[in-house]
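Following: one structure in C-alpha cells, then a few remarks.
The values are calculated or read from the model by the stated rules, or taken from the named source; none is laboratory data. What you see is a predicted model, and the numbers here were worked out from it, not measured in a lab. All Cβ positions, glycine included, derive from the backbone under ideal geometry; neighbour counts span all protein chains shown.
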C-alpha cells in the first residue's frame with residue numbers, strides 16, 4: 001500500500017512538472033512570435049518609407065529611383081523604439097536596400113532579429129533569430 005501511494009505521488013509530480021514545462025514553453029514561443037510580429041510591423045512601415053524615398057525625385061529629397069544614398073534619417077524614422085533597434089544592413093544599391101530590426105526580447109541569449117529586403121517592386125521579410 002505504501003508503494004502505491006509513493007508511485008501515485010511520483011506520477012502526480014511528473015504530470016504537474018510536464019504541465020508546467022508545457023505552459024512555460026508555450027508562453028516563451030508566444031513571446032518570440034510577438035517580438036517577430038512587432039519587428040515586422042515596424043519594418044513594414046520602414047519599407048514603405050524606403051519605397052517612397054526611392055520614388056521621390058532628388059530635388060524633393062528623394063532617391064530619384066535609387067536606394068543608394070538612403071539612410072534612416074532621410075526616411076524620417078527612428079533608429080530605435082519600444083520594439084527594438086533598426087539599421088540599414090550593408091551598403092544599399094540602386095536597386096535594393098536591406099533594413100534590419102533587432103528586438104529587445106532575447107531568446108537563447110540572443111536578440112530576436114528580422115530583416116526586410118526592399119526593392120522597387122517587392123518587400124521580402126526574413127526572420128534571422
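Residue-by-condition table, conditions (1) in contact (Cβ under 8 Å) with a residue 24 or more places away in the chain; (2) more than 25 Å from residue 32 (Cα to Cα):
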{"site": "54", "(1), (2)": "yes, yes"}
{"site": "96", "(1), (2)": "yes, yes"}
{"site": "108", "(1), (2)": "no, no"}
{"site": "111", "(1), (2)": "yes, no"}
Which numbered condition residue 66 misses (of (1) more than 22 Å from residue 125 (Cβ to Cβ); (2) surrounded by 13 or more Cβ atoms within 10 Å (Cβ to Cβ); (3) at pLDDT below 95): (3)
Selection status of residue 20, in contact with a strand residue (DSSP E or B) (Cβ under 7 Å, 6 or more places away or on another chain), over 18 Å from residue 128 (Cβ atoms) and without any contact (Cβ under 8 Å) to a residue 60 or more places away in the chain: no
Among the candidates 116, 32, residue that is surrounded by fewer than 19 Cβ atoms within 10 Å (Cβ to Cβ) and in contact with a strand residue (DSSP E or B) (Cβ under 9 Å, 6 or more places away or on another chain): 32
The lone exception for residue 92 - which of (1) free of Cβ contacts under 8 Å to residues at least 60 places away in the same chain; (2) surrounded by 10 or more Cβ atoms within 10 Å (Cβ to Cβ); (3) farther than 18 Å from residue 125 by Cβ it fails: (3)
Among (1) in contact with a strand residue (DSSP E or B) (Cβ under 9 Å, 6 or more places away or on another chain); (2) over 23 Å from residue 121 (Cα atoms); (3) part of a helix (DSSP H, G or I) - the single one residue 82 does not satisfy: (3)
Selected residue (only one of 73, 39, 43, 60 is within 21 Å of the chain's Cα centre (by Cα), exposed (fewer than 10 other Cβ atoms within 10 Å of the Cβ) and within 30 Å of residue 92 (Cβ to Cβ)): 73
